[in-house]
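Below is one structure, written out as structure tokens; the observations come after it.
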Amino acid sequence: MIKQLVILFFFVCSLQSFSQKLVYKSNGTILNSENQKISPDQVRELLANSEKLLADYNAGRTKKTIGNILLIGGFGLLTTDVLVGASTDGNTTVSGNTIQSDRNYPSALTYVGLAALVVAIPVKIGFSKKIKNVVTDYNNQLTTGYNKPKLDIITNSNGLGLRFTLN
């Protein structure tokens with residue numbers, strides 16, 4: 001009897017060692033237990049069993065994309081307006097002894113670019129928190145997944161048997 005329990009214990013330990021723990025690095029990069037980078041498609045395959053974690057991960061990746069678009073777009077609009085403002089001298093009118101210069105800087109592009117940058121900051125912070133939570137929930141799910149073992153008695157024409165399930 002003790003021999004079967006020892007074999008069962010080593011079997012459960014070997015299953016636990018094959019479960020893959022994930023590690024979150026900066027900028028949405030996820031590493032496996034051997035510190036190798038995992039692509040987003042591979043992460044989605046690992047999370048396929050848990051719909052909530054998969055939905056949260058996909059929402060985090062969408063937030064990352066939107067944040068990147070806002071950040072790059074905001075910088076692009078700002079630099080475009082600065083370059084246009086620096087290269088044009090505006091309309092200069094001379095009337096009598098006064099010279100008036102109508103410069104159109106800062107224009108609406110500057111304000112839209114600044115707004116995009118301001119919105120991008122919380123979006124970028126939110127995506128990293130969401131992906132961190134997915135990784136910790138996935139790792140917690142792995143450690144608590146074996147706490148509910150189930151033992152069934154199976155009968156058929158050849159005799160009796162035991163089935164031990166870990167979920």
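The values are calculated or read from the model by the stated rules, or taken from the named source; none is laboratory data. Only a predicted model underlies this, so the values are computations on that prediction, with no experimental measurement involved. Because the Cβ atoms are built from the backbone with ideal geometry, glycine has one as well, and the counts that use them run over all protein chains shown. The area values use the complete protein model at the heavy-atom level, side chains included, leaving out ligands, DNA and RNA. Shrake-Rupley method; radii C 1.70, N 1.55, O 1.52, S 1.80 Å.
From the residues in region 63-100 that are open to solvent by 70 Å² or more (accessible area, probe 1.4 Å) and in contact with a Gly (Cβ under 9 Å, 6 or more places away or on another chain), which one is modelled with the highest pLDDT?
Ranking the candidates gives Phe75 first.
Any residue in region 29-43 that is part of a helix (DSSP H, G or I), charged (D, E, K, R) and modelled with pLDDT under 90?
no
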